[in-house]
Amino acid sequence: MSPLKNINDGNNQGGSAQVQGEVGQQQPRVNQTPVICPNCKKRLSERSALTRHMKIHDSTTKIFKCMVCHKNDQRQKSNWRQHVATHIGQEIPPDVFAALDHETKAILTGTHGEMNRIIFEERLVKAEAKRAKKDKKARRSKHELSFEEL
């Protein structure tokens, strides 16, 4: 039996998830009762969110791990790709980069088919600005130390 059949979705008086107003425009959700996870009691806004959420309770779900920082175990590949993209522009040691799988390398180098080139370039610019700010702060801190030593 599916765990979704035992879901407490309130008093079952919720209206449709979205109401069409003018053509092409979506109105706010009306009378949408939250759904509650039967395992951890987390409240979610809609049934599709609960379906995604249930993966965290399923030990058979594939887990995607970041091979760059070894953090953020993801159960959705799209979330894993988004996390890996946070490393774009970072200095990754050559031995770590060499050990990465093909898809991770493609995301980090901007050659991944699902990575928008504009977004990749924006992330590179942000990473460079962050690195420059960090370097400037380090130089200023070093200068302050040498000044105090005088």
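The values are calculated or read from the model by the stated rules, or taken from the named source; none is laboratory data. Because the structure is predicted, anything quoted here is derived from the model rather than measured. Methodologically, a virtual Cβ is constructed for each residue, glycine included, from the backbone with ideal geometry; neighbour enumeration extends over all protein chains shown. Remember, those area values only see protein heavy atoms, side chains included, never the ligands or the DNA or RNA. Shrake-Rupley method; radii C 1.70, N 1.55, O 1.52, S 1.80 Å.
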Yes or no: the range 88-98 includes at least one residue that is under 18 Å from the mean Cα position of the chain (by Cα) and either free of Cβ contacts under 8 Å to residues at least 40 places away in the same chain or open to solvent by 70 Å² or more (accessible area, probe 1.4 Å) (or both). yes
Out of all the residues in the range 65-84, is one or more exposed (fewer than 12 other Cβ atoms within 10 Å of the Cβ) and touching a Gly at 6+ places or on another chain (Cβ under 7 Å)? no
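State yes or no: is T60 assigned to a loop (DSSP other than H, G, I, E, B) and surrounded by fewer than 11 Cβ atoms within 10 Å (Cβ to Cβ)?
Details: assigned to a loop (DSSP other than H, G, I, E, B): yes; surrounded by fewer than 11 Cβ atoms within 10 Å (Cβ to Cβ): yes.
Yes.
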